[in-house]
Amino acid sequence: SGTVYLDANGNGVMDSGEKGIAGVPVKAVDADGREYPEQKTDENGKYSFKSLPGNKSVTITVINPGSTDPSQTNAYRFSKTVASTTEQIGSDVTANETGSQATVTLESLGTSGTATVNAGLMTPCTVTFAGGEQGSVYPGTVKIFPGQTLGDVLNQAPSVTPGSGYTHTGWLQTE
């Protein structure tokens, strides 16, 4: 069982006010390769498997429900891994290289056959470049996931077209 949630600040922990994500596919496969029926998260982002083996390792895989491209609608990226505790819901899974899924392998579920595996997903932010009255910048905006650099999402550096009588001398970071 577990929760898949929208990690708004990307810290790998489900903080107050962060909500679960509905409809996220979650898979389980045991050490013998037996696949258990895929589950989907409910309206609160919760899911549960029935009858997982307690005496075998089980790999839980959370499937990214959207695009891994931040410029697309419905884009998600997995949060950093932060282990859940009795005091907090973390993000117990580790994303694959493409971000299409994230997994964790549990060595033993004990006699109960249950374990809690949670996953945080982030949505992209919008970075806006502005030239003000002194010119223009291309692209004007770009979507980027927390933790990415502009180099990760842009094929080339933003270009500046100074207005008449102005010169571009550098970038200024504002909040």
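The values are calculated or read from the model by the stated rules, or taken from the named source; none is laboratory data. Because the structure is predicted, anything quoted here is derived from the model rather than measured. Every residue, glycine as well, gets a Cβ built from its backbone with ideal geometry; the counts of neighbours run over all protein chains shown. For the accessible areas, the whole protein counts, side chains as well, though only heavy atoms, and no ligand, DNA or RNA atoms are used. Shrake-Rupley method; radii C 1.70, N 1.55, O 1.52, S 1.80 Å.
Mind telling me which of the residues LEU109, LEU52 ends up being in contact with an Asp or Glu (Cβ under 8 Å, 6 or more places away or on another chain), surrounded by 15 or more Cβ atoms within 10 Å (Cβ to Cβ) and in contact (Cβ under 8 Å) with a residue 40 or more places away in the chain?
LEU52
So which residues in the stretch 154-170 are more than 25 Å from ASP69 (Cα to Cα) and outside any strand (DSSP E or B), if there are any at all?
Residues satisfying the conditions are GLY163, SER164, GLY165, TYR166, THR167, HIS168, THR169, GLY170.
Going by what's in this entry, would SER16 be described as modelled with pLDDT under 90, among the hydroxyl-bearing types (Ser, Thr, Tyr) and outside any strand (DSSP E or B)?
Considered against the rule, which asks whether it is modelled with pLDDT under 90, among the hydroxyl-bearing types (Ser, Thr, Tyr) and outside any strand (DSSP E or B), SER16 comes out as no.
With open to solvent by less than 80 Å² (accessible area, probe 1.4 Å) and polar (S, T, N, Q) as the only criterion, which of SER159, SER164 stands out?
Step by step, each of SER159, SER164 is checked, and only SER159 is open to solvent by less than 80 Å² (accessible area, probe 1.4 Å) and polar (S, T, N, Q).
What do you reckon, is THR41 on the phi < 0 side of the Ramachandran plot, open to solvent by less than 20 Å² (accessible area, probe 1.4 Å) and among the hydroxyl-bearing types (Ser, Thr, Tyr)?
Yes; evaluated as a whole, the condition is true for this residue.
Being crowded, with 19+ Cβ neighbours inside 10 Å and farther than 19 Å from GLY54 by Cα is the filter here; which residues of the stretch 11-38 pass it?
Across the stretch 11-38, the qualifying residues are GLY12, VAL13, MET14, GLY20, ILE21, VAL24.
With the checklist (1) touching a strand residue (DSSP E or B) at 6+ places or on another chain (Cβ under 7 Å); (2) part of a strand (DSSP E or B); (3) over 16 Å from ASN118 (Cβ atoms) in hand, flag the one item LYS27 doesn't pass.
(3)
What about THR59, is it without any contact (Cβ under 8 Å) to a residue 40 or more places away in the chain, surrounded by fewer than 17 Cβ atoms within 10 Å (Cβ to Cβ) and within 30 Å of ASP152 (Cβ to Cβ)?
No.
Return the total of residues in the stretch 117-147 being surrounded by 15 or more Cβ atoms within 10 Å (Cβ to Cβ) and within 19 Å of PHE78 (Cα to Cα).
Total satisfying the criteria: 12.
If the requirement is being modelled with pLDDT under 95, of a type outside the set (S, T, N, Q) and out of contact with any Gly (no Cβ under 9 Å at 6 or more places or on another chain), which of these qualifies: LYS50, LYS143?
LYS143
Identify the single condition in (1) at positive phi; (2) under 16 Å from the mean Cα position of the chain (by Cα) that VAL117 does not satisfy, given that it satisfies every other one.
Failing condition for VAL117: (1).
Give the residue that is farthest from PRO146 (Cα to Cα), with candidates limited to residues of the stretch 43-100 that are in a strand (DSSP E or B) and of a type in the set (A, V, I, L, M, F, W, C).
If we filter the stretch 43-100 for residues that are in a strand (DSSP E or B), which is where we start, we get 46-47, 58-63, 67, 75, 77-78, 82, 91, 94-95.
So of that shortlist, the ones also of a type in the set (A, V, I, L, M, F, W, C) come out as 58, 60, 62-63, 75, 78, 82, 95.
Details: VAL58: 30, ILE60: 25, VAL62: 20, ILE63: 19, ALA75: 12, PHE78: 10, VAL82: 16, ALA95: 15 Å.
It comes out as VAL58.
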